[in-house]
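Q: I am attaching a structure below and will ask some questions about it afterwards.
The values are calculated or read from the model by the stated rules, or taken from the named source; none is laboratory data. Being a predicted model, the structure only gives us computed values, none of them experimental. Note: ideal-geometry Cβ built from the backbone for every residue, glycine included; neighbour counts use all protein chains shown.
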Amino acid sequence: MNKTGKIKFKSKFQFYPLRKNNWKDFETLFGDRGACGGCWCMSWLLTKKEFDANKGAGNKRKMKKLVESNAEPGILAYFNDEPIGWCAIAPRENFIRLEKSRVLKRIDDEAVWSIPCFFIKKEFRRKGLSTEILKAAAEYCKSKRVKIVEGYPAEPYANNIPAAFAWTGFPSSFRKAGFKEVERRSKSRPIMRYFIN
């Protein structure tokens with residue numbers, strides 16, 4: 001497969017922005033279920049009503065249309081040329097539901113790019129991949145001249161949190177990648193930022 005735009009930094013994994021040329025890898029990673037219940041990573045990009053109406057094939061079509069428009073809505077992680085992980089990243093204003101959230105509302109008028117969700121292939125979970133994806137996301141943003149990257153992880157209150165609830169990431173992964181907590185309006189949902197020099 002002809003992948004382009006490799007995000008360069010030292011890691012045992014490789015990272016590329018999602019583009020038309022690696023759409024098939026995205027499909028392979030997300031599988032028949034669209035990662036989680038037909039989401040296809042459209043949950044944050046649509047209103048709840050639109051998302052529910054398009055669950056499954058409709059969300060997949062919407063994501064493909066976004067990629068075909070030359071948007072790069074996130075990055076894919078690879079290990080030995082196999083797609084193993086995903087991280088959504090884009091300007092915060094692209095994520096409609098994030099903009100309407102009470103708990104995750106904007107904390108200031110700074111221009112930020114947001115990381116609202118992840119998807120990691122089962123056998124690569126709990127191996128530090130989410131931290132590596134966050135580092136790759138920061139490098140990607142640096143190449144776009146972004147100054148602030150923001151994430152919204154969930155604070156786990158049990159040692160064995162179900163994988164389905166890990167899609168926003170955990171604060172520990174964000175901290176390991178250099179993010180700092182800047183706001184918390186809910187016990188379980190900090191807002192964390194990475195500042196690019």
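Q: With the structure loaded, tell me whether residue 7 is at pLDDT 95 or above, of a type in the set (Val, Ile, Thr) and surrounded by 13 or more Cβ atoms within 10 Å (Cβ to Cβ) or whether it fails that test. Step through it out loud before you land on a result.
A: Values: at pLDDT 95 or above: no; of a type in the set (Val, Ile, Thr): yes; surrounded by 13 or more Cβ atoms within 10 Å (Cβ to Cβ): yes.
Considered against the rule, which asks whether it is at pLDDT 95 or above, of a type in the set (Val, Ile, Thr) and surrounded by 13 or more Cβ atoms within 10 Å (Cβ to Cβ), residue 7 comes out as no.
Q: Give, as residue ranges, the helices (runs of 4 or more DSSP H) completely inside region 53-172 that count at least 1 residues that are within 21 Å of residue 32 (Cβ to Cβ) and in contact (Cβ under 8 Å) with a residue 24 or more places away in the chain.
A: 57-68
Q: Next up: I need the full set of residues from region 66-86 which are hydroxyl-bearing (Ser, Thr, Tyr) and farther than 25 Å from residue 124 by Cα, in order please.
A: Selection gives 69 alone.
Q: Quick one: residue 89 ticks every box in (1) of a type in the set (Val, Ile, Thr); (2) out of contact with any Asp or Glu (no Cβ under 9 Å at 6 or more places or on another chain); (3) closer than 23 Å to residue 126 by Cα bar one, so which box is it?
A: Condition (2) is where residue 89 drops out.
Residue-by-condition table, conditions (1) surrounded by fewer than 20 Cβ atoms within 10 Å (Cβ to Cβ); (2) within 15 Å of residue 137 (Cβ to Cβ):
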{"site": "17", "(1), (2)": "no, yes"}
{"site": "31", "(1), (2)": "yes, no"}
{"site": "39", "(1), (2)": "no, no"}
{"site": "49", "(1), (2)": "yes, no"}
{"site": "95", "(1), (2)": "no, yes"}
{"site": "105", "(1), (2)": "yes, no"}
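Q: Please specify each residue of region 22-52 satisfying the condition of being in a helix (DSSP H, G or I), of a type in the set (S, T, N, Q) and modelled with pLDDT under 95.
A: Once the filter is applied, which keeps residues that are in a helix (DSSP H, G or I), of a type in the set (S, T, N, Q) and modelled with pLDDT under 95, region 22-52 yields nothing.
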